[in-house]
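Q: Mind having a look at this structure? Questions to follow.
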Amino acid sequence: MFNHARRALGLAGFAIAASAGTSALAYDLKPIVIQLAPSGARAAQTAVITNTHDVPIAIEVKAFQRAQKPDGSDTLTADDENIIVSPPQMVIPPKSSQSFRVQWVGDTAPTTELAYRIVTEQLPIQFKEQVRSDLTADVTMRYRYEAALYVMPENRQAKATLAGVSAVKNAAGEDELELRIKSEGTSRAILDRPVLELSADGTPHRLEGEAVKSLAGLNILPGVERVVRIAMPADLKGHALSGKLTTQYITLN
């Protein structure tokens, strides 16, 4: 389950780094998952940015409401009314750390878990000037990290169901199963040890383990229907398909 939990963190996009011109890390953000209560002392949390550069860096921090698409990507909408980030901008000296505070000030009694992104972006900073013949070029680098933030009401529960299954072909013309999996609970559903119990024209088939490995660690926000494709077993081809999903869930405390 540990490997599935690590995969869930990665696939959910809990921390994303982007850079221009280099793969070296410019700074480090911790934690990459922030979980807040809608009210009380746990409605705020501190995060820390560590500058790994040998020069100062300027960082801007913003909060975005997160809407998950069927393919797992996000649509982000800026929200500075329900989440307060303090300070929103900072300059961090070389090899130093700076903390910032994230506080939920929105609905104190949401009925479902709310999902956000805390985006930290390094503002342009010039490191050196390159001179080549009669050309001069400024070399700059920018980095962006995204942490996941969840506002979690009490008594929330994860629940995922198989909303549909159909036979499709991929771009290479190969047969695949297209699964529509819906999160019907009040918290994100991170699948653990999923099992598909399918019927092909009335004949039962059970898919688990390696056959459904792409479902393990799948993170589905409440109310979202994800679309996932897996390889088509040969004995399911050409049959009318139906079925159900049984799964456990990973809980991040």
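The values are calculated or read from the model by the stated rules, or taken from the named source; none is laboratory data. Since the structure is predicted, the reported quantities are computational estimates derived from the model, not experimental observations. In this analysis, Cβ positions are derived from the backbone assuming ideal geometry, glycine residues included, and neighbour counts consider all displayed protein chains.
Q: Of the residues I49, I34, only one is under 22 Å from A189 (Cβ atoms) and surrounded by 18 or more Cβ atoms within 10 Å (Cβ to Cβ); which?
A: I34
Q: Go through G238, G185 for me and flag whichever is assigned to a loop (DSSP other than H, G, I, E, B) and either within 23 Å of A37 (Cα to Cα) or hydrophobic (A, V, I, L, M, F, W, C) (or both).
A: G185
To keep it simple, each residue is scored yes or no on (1) closer than 30 Å to P110 by Cβ; (2) among the charged types (D, E, K, R); (3) out of contact with any Gly (no Cβ under 8 Å at 6 or more places or on another chain); (4) free of Cβ contacts under 8 Å to residues at least 24 places away in the same chain.
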site	(1), (2), (3), (4)
G164	yes, no, yes, yes
I181	yes, no, yes, no
T186	yes, no, yes, no
R206	no, yes, yes, yes
P222	yes, no, no, no
L236	no, no, yes, no
K244	yes, yes, yes, no
T247	yes, no, yes, no
L252	yes, no, yes, no
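Q: May I ask you to list pairs of residues, at least six apart or on different chains, whose Cβ atoms are under 9 Å apart, with the first in the stretch 50-72 being over 28 Å from L218 (Cβ atoms) and the second being acidic (D, E)?
A: If the second residue must be acidic (D, E), the pairs left are T50/D28; N51/D28; T52/D28; I59/E121; E60/E121; V61/E121.
Q: Which one is surrounded by the fewest Cβ atoms within 10 Å (Cβ to Cβ) among residues in the stretch 215-239 that are small (G, A, S) and either under 12 Å from A158 (Cβ atoms) or at pLDDT 95 or above (or both)? Let's see the steps before the verdict.
A: Step one: filter the stretch 215-239 for residues small (G, A, S), giving 216-217, 223, 231, 234, 238.
Going one step further and asking which of them are either under 12 Å from A158 (Cβ atoms) or at pLDDT 95 or above (or both), we end up with 216-217, 223, 231.
Numbers: A216: 23, G217: 22, G223: 13, A231: 16.
Within the stretch 215-239, the match that is surrounded by the fewest Cβ atoms within 10 Å (Cβ to Cβ) is G223.
Q: Further question on the same structure: For the stretch 79-120, give me each residue that is among the hydroxyl-bearing types (S, T, Y) and in a strand (DSSP E or B).
A: Quick first cut of the stretch 79-120, residues among the hydroxyl-bearing types (S, T, Y) only: 86, 96-97, 99, 108, 111-112, 116, 120.
Within the stretch 79-120, S86, S97, S99, Y116, T120 meet the criteria.
Q: Okay, next question. Checking the structure you have, find out if any residue of the stretch 216-235 is basic (K, R) and farther than 16 Å from D71 by Cβ.
A: Taking every residue of the stretch 216-235 in turn, none turns out to be basic (K, R) and farther than 16 Å from D71 by Cβ.
Q: Does A171 satisfy the criteria of being aliphatic (A, V, I, L, M), surrounded by 16 or more Cβ atoms within 10 Å (Cβ to Cβ) and outside any strand (DSSP E or B)?
A: It is false that A171 is aliphatic (A, V, I, L, M), surrounded by 16 or more Cβ atoms within 10 Å (Cβ to Cβ) and outside any strand (DSSP E or B).
Q: Only one of Q89, Q98 is surrounded by 15 or more Cβ atoms within 10 Å (Cβ to Cβ), of a type in the set (S, T, N, Q) and in the same structural domain as L36 (by TED's automatic domain parsing). Can you tell me which? Explain how you work it out, then say what you get.
A: Details: Q89 fails: surrounded by 15 or more Cβ atoms within 10 Å (Cβ to Cβ).
Being surrounded by 15 or more Cβ atoms within 10 Å (Cβ to Cβ), of a type in the set (S, T, N, Q) and in the same structural domain as L36 (by TED's automatic domain parsing) holds for just one of Q89, Q98, which is Q98.
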